[in-house]
1. Can you confirm whether region 318-339 contains a residue that is more than 21 Å from the chain's Cα centre (by Cα), surrounded by 20 or more Cβ atoms within 10 Å (Cβ to Cβ) and touching a residue at least 40 places away in the same chain (Cβ under 8 Å)?
2. Let me spell it out: the conditions are (1) surrounded by fewer than 20 Cβ atoms within 10 Å (Cβ to Cβ); (2) at pLDDT 95 or above, and P190 meets all of them except one. Which number is the exception?
3. Please state which one of G152, G169, G157 is in contact (Cβ under 8 Å) with a residue 12 or more places away in the chain, more than 19 Å from the chain's Cα centre (by Cα) and buried (at least 16 other Cβ atoms within 10 Å of the Cβ).
4. Is it the case that some residue within region 182-203 is among the basic types (K, R), part of a helix (DSSP H, G or I) and free of Cβ contacts under 8 Å to residues at least 60 places away in the same chain?
5. Name the pairs whose Cβ atoms lie under 6 Å apart, with the first residue in region 215-228 and assigned to a strand (DSSP E or B), the second among the small types (G, A, S) and surrounded by 12 or more Cβ atoms within 10 Å (Cβ to Cβ), and 6 or more positions between them or separate chains?
6. Looking at D187 and the list (1) more than 30 Å from Q54 (Cα to Cα); (2) among the acidic types (D, E); (3) under 17 Å from the mean Cα position of the chain (by Cα), which single condition is not satisfied?
7. For region 292-327, name all the residues that are aliphatic (A, V, I, L, M) and in contact with a Leu (Cβ under 6 Å, 6 or more places away or on another chain).
8. In region 66-86, is there at least one residue being out of contact with any strand residue (DSSP E or B) (no Cβ under 8 Å at 6 or more places or on another chain), modelled with pLDDT under 95, at negative phi and among the polar types (S, T, N, Q)?
Amino acid sequence: MKWLIKTATLFLLAMAFLPINGNTFADDGSERPGVNMAVAATKLAEILPAELKQKMMFSYDDPERLNWHFIPRDRNGIVLWDLSGESRKAADELVKSGLSAAGYAKTLQVRSLEEVLYLFEEGEEEYRRNRRHPHKYHIEIFGTPGPTGKWGWRFEGHHLSLNFMIKDGVIVSSTPEFFGANPGLIDGGPKRSLRVLGKREDLARDILKSCTEAQQKQMWIAKVAPDDIRGAGEAQPVVTEAVGLRYAEMSPEQQKLLRELIAEYVSAMPVQVVRDRMKAIEKSGMDDVRIGWWGESERNQRHHYVVQGESFIIEYNNTQNEANHVHAMWRNIGGDFDLPAKK
């Protein structure tokens with residue numbers, strides 16, 4: 001099967017869950033999204049019947065808090081397809097509270113791709129529908145949401161994992177943060193294509209393409225790409241010595257591209273998270289931020305890259321399904337889930 005899909009019908013299916021008329025949800029400019037999260041989580045818990053509330057709530061120290069992954073699998077918590085009316089609206093409000101308008105739109109796009117996969121999945125219809133569904137996404141809450149104390153929550157399903165830990169109304173951890181896209185490209189013809197994570201690929205490739213021969217020797221680590229990102233499902237990121245081309249050794253245009261690439265990742269998050277991440281990068285300085293590239297150099301060829309600074313690591317992989325299947329994540333080198341990094 002060719003995964004470079006070229007039918008306008010499938011494109012329209014994938015677009016079905018996007019905001020109508022191109023509108024996205026307005027960002028209210030809140031400086032304290034952790035407070036908004038607590039309000040939204042409390043309202044959701046109050047609306048749910050007792051059975052569903054029990055499924056959603058865990059203690060803060062429950063090992064389930066660290067049980068993240070982005071593959072299609074059975075999950076705990078409540079699932080969107082079990083909610084309707086006010087409870088669905090409350091669940092959506094909680095998810096929105098953890099994202100910018102652009103980030104929320106991106107989650108809808110990722111979810112919409114499940115309809116495409118449903119059409120191409122092999123097996124009985126019931127099996128395919130249960131495995132691939134744009135509402136098969138789960139919410140879990142850890143601890144008691146409120147203006148004081150520690151609590152957290154997760155929104156997760158195939159190709160999405162968003163994890164937040166809050167202390168005294170302030171987000172203290174927003175990682176691991178994972179977005180994926182399969183297909184990476186739906187090509188419905190001129191002006192009718194969809195690449196949910198396309199900028200994350202294009203900006204990195206533009207840096208590679210602009211390299212001098214000497215720079216390319218630094219950035220292009222290997223001509224064979226690894227099969228996937230590292231540390232999927234692990235409570236802490238896999239961190240090795242940073243490799244690749246240093247920001248300080250880039251041209252001004254390349255530096256601009258790298259800043260745009262970092263911005264493309266953080267733009268999915270609410271204002272406080274963006275500010276905190278950028279402050280951490282500024283504190284250590286951009287000079288030693290590196291980008292390394294593995295694999296081939298052209299579209300629809302296997303490729304992989306890592307952007308690493310003192311405070312963060314971005315890992316991106318596009319190797320599956322004829323290099324049309326994207327995995328991309330941001331992790332905190334200081335420790336995900338508000339935990340200290342492993343030694």
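1. no
2. With (1) surrounded by fewer than 20 Cβ atoms within 10 Å (Cβ to Cβ); (2) at pLDDT 95 or above applied to P190, the lone miss is (2).
3. G169
4. The answer is no, given that none of the residues of region 182-203 is among the basic types (K, R), part of a helix (DSSP H, G or I) and free of Cβ contacts under 8 Å to residues at least 60 places away in the same chain.
5. Final answer for the pair search is I221/G292.
6. Of (1) more than 30 Å from Q54 (Cα to Cα); (2) among the acidic types (D, E); (3) under 17 Å from the mean Cα position of the chain (by Cα), only one is false for D187: (3).
7. Across region 292-327, the qualifying residue is only V326.
8. Looking through region 66-86, none of the residues is out of contact with any strand residue (DSSP E or B) (no Cβ under 8 Å at 6 or more places or on another chain), modelled with pLDDT under 95, at negative phi and among the polar types (S, T, N, Q).
The values are calculated or read from the model by the stated rules, or taken from the named source; none is laboratory data. Predicted model only: the values in this text are computed from it and were never measured. Here Cβ is always computed from backbone atoms with ideal geometry, including for glycine, and neighbour counts include all displayed protein chains.
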